[in-house]
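All remarks here apply to the structure that follows.
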Amino acid sequence: MSNFVSAAQDPGVSPILSEDYSDIIFRYQGTPETLLSELASYTPQLVDLQYSILHAPLSDHLATVEEIGYSSVPKLFAPVNTVSLEASGILPAQIQPYLELSGRGVLLGFLDSGIDYTHPAFRNADGTTRIARIWDQTDQSGTPPDGLPYGSEYTDDMLNQALFSDDPYALVPQRDESGHGTSVAGIACGSADENTDFIGAAPESQIAFVRLKPAKQYLRDYFLIPEDATAYQETDLMLGVRYLVDVSRRLRMPLVICISVGTNQGSHNGTSPLEDVLTSAQFNTSIYAVAGTGNETGKGHHFQGRLSGAEDSAEIELLVDQETRGFAVEFWADAPDLYSIGFTSPLGETIQPVQPRSGTTREFDFLLEYSRITLTYTIVEMLSGAQLALIRFREPTPGIWRIRVVSKSSVSGDFHLWLPGTDLVDPEIRFYAPSSDVTLVIPSCAASVLTAGAYNAYNNSLFIYSGRGYTRNDLIKPNFAAPGVDLTAPVPGGSYTTLTGSCAASALTAGATALLVEAGLRQERPRAFTTQEIQSLFLRGARRNDYDTYPNRAWGYGAMDVYGIFESFLRS
């Protein structure tokens, strides 16, 4: 960071909101006081004892992987598209007379598109709110949370005042325009509604919600995502985690964080900045993080290859089936293996493999087409230690592109390529011979995160698109699968619908986690389970059949069964 050039800041708009400023993930050593003093011109925002977010004018050229390194550029996340209570063992745990678990005394935290706070699913029987706090990052009309310079924070008192007024949104303008956050929160902890036969997994928990602001345009342009795609940036998620942890401390409540967004950007071995922040947060007692595996299986966005030795090579075919402004591909391989990469266009023009040198960026134009490729090598990526090649295709000619990978030195010979997640790339771009394994989205790859795949509770079949493990470093993920097909969920406006996908499974798992946390608090000697204990309890209770081998890449250790956890103790 010593090469950063100080620049004057526009006093009119906060750098964290301004499209004229880049956002930089900075992993620092030393005290926060030293950071705030030495880098004050970059308005640092502390996330935890490892990370801070800095802001620099785009004119300083501190925005891209080439300029500040891969881990410092915020990655883009998209919402993970969305009978089950009984199949997952949640309903028996709710109604069994000795247990009667409902999430009481536990705070469920969400980072998503927003929440319809007027919906009956988030209100008590007397009409008051069950939402303790909302931080709306998109709303600059109110007072931001302590220590955070943007957005508006709304307390339960403010929400109740709005709910019992003639025009709630005049007092609290927070809305959920897409409905994704409302549905996820409702599945996890919606209040019982006898008229629709609906109840969430933890219907008496309290709620804290972070409405994420859209990603900045310079990041959308750099990663070449479609103009109509919903995208959130990693820095806002990291600060959202900090906020949820702060709220849980102020309220003195255990916290379950439900992550219902995901990305294919990253090493897929649990070392991304967001995964680091979630892991650090869980060093605190009574904080737990839950994520889904995503819906990337069968989408053709992952390729896994293996070369047998030095100078061995492979050609990976990439289908671009329609005109697009562009897309990015990430290549990852562990040390000491080293690879060079070249290209052949659909019209047959060839770029010979480029020798891998750290920090090298090469741009290639094609004579007979408008296509342009930018290749950036990082030989030792800072957080994972792996070789990374970021490949950006701009105005690619439709047809079959060939990426040639040549081994320069080989021990394991394994390498991976990922396209962006489904909602962050045009739909007709895919690898011609993809792998369905290692299709987990980040942050579900972190060891500390409880990771759920999705299955159909009506016929006990795995959801066809449910992300599969293991991680790139062979950590067993998912931990298990949870119901994620046709779950009843609230939508803005007071009604309900049925939703399917990994986010539904992760929401149900977050609610189930709240039930286990409550069970610990209600023991004769109340106790707070560690993250490892919670994971082990779920694995102990998971249902396994007689014809599969466990763990496996699709189901992990089996199907989630909360009541089965308590039954397992009776059996033992």
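Count Lys and Arg as plus one, Asp and Glu as minus one, and take only other residues whose Cβ is under 12 Å from that of LYS216; the net charge is then -4.
Treating r as the C-beta distance of SER141 and ARG357 and R0 as 35 Å, the FRET efficiency rounds to 0.10. What the phi angles of segment 310-325 give under the Karplus curve with 6.51, -1.76 and 1.60, with θ = phi - 60°, is a coupling list of 4, 6, 5, 9, 9, 10, 9, 8, 10, 8, 10, 8, 7, 5, 8, 6 Hz, glycine and proline written as x. Take the Cα of ALA192, step 7 Å toward its Cβ, do the same at ARG250, and the gap between the two points is 3.2 nm. The peptide list 112-122, 412-422, 478-488, put in order of mean Cβ contacts within 10 Å with the highest first, becomes 478-488, 112-122, 412-422. Over all pairs of different C-alpha atoms, segment 22-112 has a mean inverse distance whose reciprocal, the Kirkwood radius, equals 17.3 Å. Near ARG325: Cβ cut-off under 9 Å, other residues only, Lys/Arg at +1 and Asp/Glu at -1. The net charge is -3. Kirkwood radius and radius of gyration were both taken over the C-alpha atoms of segment 385-432, and their ratio Rg/Rh is 0.99.
Full extension of the segment from VAL380 to ILE95, taken as 0.36 nm per residue of separation minus the current Cα-Cα distance, would add 97.3 nm.
Averaging 1/r over every pair of different alpha carbons in the chain and inverting the result gives a Kirkwood radius of 24.3 Å. What would the Debye equation give as log₁₀ I(q)/I(0) for segment 477-572 at q = 0.11, 0.13, 0.23, 0.24 Å⁻¹, counting only Cα atoms as equal point scatterers? With one equal scatterer per Cα and no solvent, log10 I(q)/I(0) is -0.39, -0.53, -1.21, -1.26.
Taking every DSSP beta bridge that has both ends in the chain, the antiparallel portion is near 75%. The label point for ARG306 and the one for ASN460, both projected 7 Å from the Cα toward the Cβ, are 3.3 nm apart. Which chymotrypsin sites (Phe, Trp or Tyr not before Pro) does segment 272-370 hold that lie in a coil by DSSP with at most 16 other beta carbons within 10 Å? Those satisfying the criteria are PHE283, TYR370. Evaluated at q = 0.13, 0.14, 0.18 Å⁻¹, a Debye calculation over the C-alpha positions of segment 367-497 (equal weights, vacuum) places log10 I(q)/I(0) at -0.80, -0.90, -1.23.
Using the alpha-carbon positions of segment 212-294, Rg (one decimal) and Dmax (whole number) come out as 14.2, 43 Å.
Calculated FRET efficiency, ALA314 to THR549, Cβ-Cβ distance, R0 = 30 Å: about 0.55 to the nearest 0.05. Amide H contacts of ALA542: ASP561, each under 5 Å away and 5 or more positions distant or on a separate chain (H built 1.01 Å from N in the peptide plane; Pro and chain starts excluded).
Take the Cα coordinates of segment 72-170, assign each an equal point scatterer, and use the Debye formula without solvent to give log10 I(q)/I(0) at q = 0.17, 0.19, 0.20 Å⁻¹. Result of the Debye calculation: -1.00, -1.11, -1.16.
Counting 0.36 nm for each residue step from ARG525 to THR498 and taking away their Cα separation leaves a gain of 5.7 nm.
Derived from the Cα gyration tensor, the three semi-axes of the equivalent ellipsoid of segment 302-431 are 24, 15, 14 Å, largest first. Across all directions, the shadow cast by the convex hull of segment 272-324 built on its C-alpha atoms averages 7.5 square nanometres. If you model segment 280-373 as an ellipsoid using its alpha carbon gyration tensor, with each semi-axis the square root of five times an eigenvalue, the axes come out at 33, 20, 15 Å, biggest first.
Per residue, the chain reaches -6000 deg cm²/dmol at 222 nm when only DSSP H runs of four or more residues are counted, each adding -39500 (n - 2.57). In a DSSP loop and with at most 14 other Cβ atoms within 10 Å, the GluC sites (Glu not before Pro) in segment 289-395 are GLU311, GLU323.
Segment LEU58..ARG27, full-extension length gain: 9.1 nm, with 0.36 nm per residue of separation and the alpha-carbon distance subtracted. List the GluC sites (Glu not before Pro) within segment 463-533 that DSSP assigns to loop and that have no more than 13 neighbouring Cβ atoms inside 10 Å. Passing sites in segment 463-533 are GLU524.
Here, each number is a calculation from the coordinates, and none is a lab measurement. Just so it is clear, the model here is predicted, and its values are computed rather than measured. Cβ coordinates were reconstructed from backbone atoms using ideal geometry, including for glycine residues, and neighbour counts include every protein chain displayed.
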